Amino acid sequence: MRITGLAIVPPPTASDLPQVTPELLASVLARYSRSNDGIHTILDKVALANPDASIDRILKFVDYGHASIGGLTGGLAIALDDVSMWLALKVCELAQRAEGQESSTRYITMDADNLPDPSEIGIPADLAGRWRDLMARSFTAYHAEYERLDALGKAEPERIRLPEGAKPALEKRLRKNFALDRARYFIPMATRTNLALVQSSRMWAATVKHLDSLPHPEAKAAAALIREELIKQSPRLMRHSYAEGSYAAQAKQELQTSLAMGLERLSTEPLADEVWVKVDREAPPWLAEQQSVADALQHRANRYGYQGTATRRMRVSFAWNNMALAELRDLNRHRTGHRWTPCIQAGFYLPPEMDRSAHQDLLADQAELTRELMQRGSEAYVYSLLLGAQTPFEHTTQADKFIYEVELRTGMGAHFRYAEHASAVLHEFLRQVPEAADWVEEGTAAPE
């Protein structure tokens with residue numbers, strides 16, 4: 001695992017701008033909020049050659065909590081190389097106000113050499129050999145299915161929905177994506193990936209505190225490395241990034257919930273699709289909604305258009321019973337509202353182009369290892385999961401963000417399976433909010 005901080009510096013043409021560190025920026029803006037002097041007057045009193053003395057002097061005067069000041073540090077960029085897919089998933093769940101990107105499964109290395117050592121992720125020593133063997137078999141299944149599906153797409157090009165007049169290079173790329181997007185359900189969650197996030201010192205402190213409070217060795221190691229890197233840019237504010245009792249207590253409770261639910265529902269059979277959508281349109285009587293849903297939506301030229309109060313104030317909770325981890329990695333990156341999953345294997349998804357019976361032994365052995373880890377109460381069970389594991393997933397947000405998400409995830413180039421999931425919740429939403437039907441565009445997920 002490698003953690004790298006990326007500093008944003010002004011362009012050469014902006015030499016007239018003050019050069020301030022993130023913490024100096026935060027302290028200056030905190031002082032600015034308690035002064036009528038104006039920003040230039042405050043900056044004139046700052047010794048840019050000795051920023052630490054200026055920061056200490058301002059923070060001593062401005063009696064603000066670390067959170068309110070930490071939010072003023074601007075975007076601090078951190079790149080996390082060679083973290084497991086599980087840790088990347090967890091960081092995105094915790095850092096709900098961050099901007100970021102994770103490496104696509106289409107581009108990372110798919111073999112056993114791209115896995116952490118079992119000791120790094122808490123796999124019990126007596127199960128390490130069994131875990132390694134299972135992971136190697138999973139990658140073998142991935143590559144075998146990729147080769148078979150690639151050949152299938154070549155023999156039956158209608159399966160990949162080629163656009164009319166597609167050139168050979170485009171046909172090859174779409175055929176490759178067709179195969180990769182279906183073979184990926186055999187990829188282990190322990191596979192190493194890369195993740196980059198940008199957020200303020202305040203949010204980084206909360207994220208690192210949360211990671212440090214989890215029982216997973218990988219999470220604690222990442223917390224220490226991220227903190228070490230961020231101390232270079234925000235040393236005072238990162239002292240609030242250590243494990244804390246309430247965080248650890250909730251992490252322990254959530255693990256126990258996942259273990260109990262996971263043992264009860266563990267299965268290698270596919271789960272039938274079920275969705276749940278709850279729309280709350282209630283408003284206080286002195287602020288009753290005066291705008292129609294049509295007025296809120298009809299002025300948009302595309303999904304990026306601004307929506308009105310009728311949808312911005314409408315609360316929407318939606319959930320799936322059977323979100324495969326492969327899709328969860330994508331849908332979990334929508335950072336509005338709150339997302340939650342117990343991260344279990346209540347079923348196992350494989351696309352219809354695959355013969356499930358050809359992989360029964362692998363799936364049975366994988367489920368048994370997961371069961372063994374769960375029965376031991378080990379948090380490391382997450383590293384025995386493959387991306388085909390189906391888990392419940394819940395997201396709560398507002399209708400404007402929901403509409404954006406379902407239009408995006410059914411639109412051009414959307415992965416076939418999460419397009420199905422997004423379509424299902426959209427149809428249930430429109431059943432409850434039928435007046436939105438003329439203004440919400442469900443895509444066809446055509447390949448691009």
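Do any trypsin sites (Lys or Arg not before Pro) in segment 345-404 lie in a DSSP loop with no more than 15 other beta carbon atoms within 10 Å, and if so, which?
Of the trypsin sites (Lys or Arg not before Pro), the ones in loops of segment 345-404 whose Cβ has at most 15 other Cβ atoms within 10 Å are Arg376.
From the helices alone, meaning DSSP H stretches of at least four residues, give me the mean residue ellipticity at 222 nm for the chain, per-run term -39500 (n - 2.57), in deg cm²/dmol to the nearest 500. Working shown, then result.
Values: 16 runs with 196 residues, N = 448.
About -13500 deg cm²/dmol.
Quick one: if the Förster radius is 41 Å, what FRET efficiency do Asp117 and Ser317 give, using the C-beta to C-beta distance and rounding to 0.05?
Numbers: r = 40 Å, r/R0 = 0.97.
So the FRET efficiency works out to roughly 0.55.
Hey, which aspartates and glutamates would be in cross-link range of Lys252, C-alpha to C-alpha under 18 Å, not counting anything within fewer than 8 residues on its own chain?
Partners found: Glu93, Asp212, Glu218, Glu244, Glu379.
May I ask you to compute the full-extension gain from Glu353 to Gln250, defined as 0.36 nm times their residue separation minus their alpha-carbon distance, rounded to one decimal in nm?
Values: separation 103, 0.36 × 103 = 37.08 nm, distance 4.08 nm.
My answer for the length gained is 33.0 nm.
So if R0 is 60 Å, what FRET efficiency would Ala294 and Glu147 give, r being the distance between their Cβ atoms, rounded to the nearest 0.05? Numbers along the way, then the final one.
Values: r = 50 Å, r/R0 = 0.84.
After rounding to 0.05, the efficiency reads 0.75.
Contact order normalised by length for segment 369-448, with contacts defined as Cα pairs under 8 Å and 6 or more residues apart; what percent is it? Show your work: numbers first, answer last.
Numbers: 61 pairs, mean separation 23.3, N = 80.
Computed over segment 369-448, the figure is 29 percent.
Give me Leu211, Leu174 sorted ascending by neighbouring Cβ count inside 10 Å, so fewest comes first. Don't jump to the answer; show the numbers that get you there.
Numbers: Leu211 27, Leu174 19.
Final ranking by Cβ density, sparse to dense: Leu174, Leu211.
In the set (1) 40, 30, 23; (2) 37, 28, 19; (3) 63, 20, 19, which value of semi-axes √(5λ) of the Cα gyration tensor in Å was calculated from the structure you see?
The listed entry that was calculated here is (1).
With a 10 Å Cβ neighbour count serving as the proxy for reagent exposure, in which order, fewest first, do Thr207, Thr109 appear? Walk me through the numbers on the way to the answer.
Numbers: Thr207 24, Thr109 13.
Fewest-to-most Cβ neighbours within 10 Å comes out as Thr109, Thr207.
Using Cα springs under 10 Å in a Gaussian network model of the chain, which residue among Ser357, Ser138, Ser241 shows the largest mean-square fluctuation?
Of Ser357, Ser138, Ser241, the Gaussian network model singles out Ser357 as fluctuating most.
Please give me, ordered by residue number, the GluC sites (Glu not before Pro) of segment 208-282 that lie in loop per DSSP and have at most 12 other Cβ atoms within 10 Å. Don't jump to the answer; show the numbers that get you there.
Working: sites: Glu218, Glu228, Glu229, Glu244, Glu254, Glu264, Glu274, Glu282; in loops: Glu244, Glu274, Glu282.
Answer in residue order: Glu274, Glu282.
Quickly work out the His427-to-Glu99 label distance, labels modelled 7 Å from Cα along the C-beta direction, and quote it in nm with one decimal.
The answer from the label model is 3.6 nm.
Please sort by residue number the GluC sites (Glu not before Pro) in segment 155-195 whose DSSP state is loop and whose Cβ has at most 10 other Cβ atoms within 10 Å. Don't jump to the answer; show the numbers that get you there.
Values: sites: Glu158, Glu164, Glu171; in loops: Glu164.
Taking segment 155-195 and a limit of 10 other Cβ atoms within 10 Å, the loop GluC sites (Glu not before Pro) found are Glu164.
Rule-based calculations on the coordinates, nothing more; no lab input. Keep in mind that what you see is a predicted model, and the values were worked out from it rather than measured. All Cβ positions, glycine included, derive from the backbone under ideal geometry; neighbour counts span all protein chains shown.
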